[in-house]
Amino acid sequence: MNKPKRANEFAPDARFTPAGHPRPAIGKVGVLLINLGTPDATDYWSMRRYLKEFLSDARVIEVNRVLWWFILNGPVLLKRPSSSGEAYRSIWNEELDESPLRTITRAQGEKLAKAFQENERIVVDWGMRYGNPSTKSRIEALKAQGCERILLFALYPQYAAATMATAYDKAFDVLKEMRWQPAIRTVPPYHDDPAYIDALAKSLKSHVTKLKWRPDVILASFHGLPIEYFEKGDPYHCHCAKTTRLLREKLGWSEDYLRMTFQSRFGKAEWLQPYTIETVEALAREGIKNLAIVMPGFAADCIETLFEIDVENREVFEEHGGENFAAIPCLNDSAEGIKVIRAVVERELGGWI
């Protein structure tokens, strides 16, 4: 015969009562701006940490991993931190003690948040694929604020596996470790978005108009990519070409006046051509005296634009007979730049807000 149960045996577990149940923050929609990354400082060890994380990414360096480990941890990380640190020191934001990329990306996040301030459901944050603030820390912060849905916005207008794909890979790695995952959307490339092309055209025209001289040629310089990646199916070259074509059409400029080139070669492999620095030298040798370079593939000025273009390419141009040189600033956190980011975000949040 079964023993009768005592009354308290039927009492609900206190953990599952309204009073005992945790009350997580819910109901928010997050927007996370993700840029490439930045070292925390310019000293050897800070640069080494940053470069090791960056150059260990299999999306960035697609070679035999065992062989690359020895190369990376040997000659690359022995010498490159010092030379990269010197380059970063020449453009460092001394006031805030950080790289310009971090300064600008923060400003983009703050201004986008202000643009959405009337909608209390939207929470805007920003982070980096490599370095700090990390993608992991910002996704966790958005989740803690009640973001059940998060829009990931890798700030690359043109798609490349080595940029946009790896930024989203990193976010997905974070999700794998989460018990309660937020719903996720990713922003697609916006290389041909009308708002982006309009902003590029207005910015370029405005800066050229302010020059005391007229450029004989303008280069649209994009970050380079190994030819091998292109042959594997990466659409990056096509996206760059379309951006350049649409920009020409918007401004009414010829293909000879606004030319497409590729910068930032690394290693001995063949990369997308024509190379920016070789084109700059050739133009100067041909007698071109006035040259401007715009970098449509970068949403924010960084080491590749402020040092590689405005210092190294400027020097090459002047050393070979060029006279006037201008590096056109990226859209950054300008009114036009924020307008582009907002337009893309509003489109991609459709159905969520």
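Quick look at the values:
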| read-out | value |
| --- | --- |
| Which listed residue is touching a residue at least 24 places away in the same chain (Cβ under 8 Å) and closer than 24 Å to Leu32 by Cβ, from Thr261, Thr186 | Thr186 |
| Some residue of the stretch 119-130 being small (Gly, Ala, Ser) and without any contact (Cβ under 8 Å) to a residue 60 or more places away in the chain | no |
| Looking only at the stretch 274-304, and only at residues there that are β-branched (Val, Ile, Thr) and touching a helix residue (DSSP H, G or I) at 6+ places or on another chain (Cβ under 9 Å), the one that is surrounded by the fewest Cβ atoms within 10 Å (Cβ to Cβ) | Ile288 |
| Single residue of the stretch 123-150 satisfying the filter (touching a Lys or Arg at 6+ places or on another chain (Cβ under 9 Å) and among the small types (Gly, Ala, Ser)) that is nearest to Gly351 (Cα to Cα) | Gly146 |
| Helices (runs of 4 or more DSSP H) within the stretch 219-311 that include 1 or more residues in contact with a Phe, Trp or Tyr (Cβ under 7 Å, 6 or more places away or on another chain) and under 30 Å from Thr103 (Cα atoms) | 236-251, 276-285 |
| Single residue of the stretch 156-167 satisfying the filter (surrounded by fewer than 24 Cβ atoms within 10 Å (Cβ to Cβ) and of a type in the set (A, V, I, L, M)) that is nearest to Lys52 (Cα to Cα) | Ala162 |
| Those residues of the stretch 37-49 which are of a type outside the set (Ser, Thr, Tyr), surrounded by fewer than 16 Cβ atoms within 10 Å (Cβ to Cβ) and either assigned by TED's automatic domain parsing to the domain that holds Arg265 or not in a loop (DSSP other than H, G, I, E, B) (or both), in sequence order | Trp45 |
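The values are calculated or read from the model by the stated rules, or taken from the named source; none is laboratory data. If you're wondering where the values come from, they're calculated on a predicted model, not measured in any experiment. Positions of Cβ are generated from backbone atoms using ideal geometry, with glycine treated the same way; all protein chains shown enter the neighbour counts.
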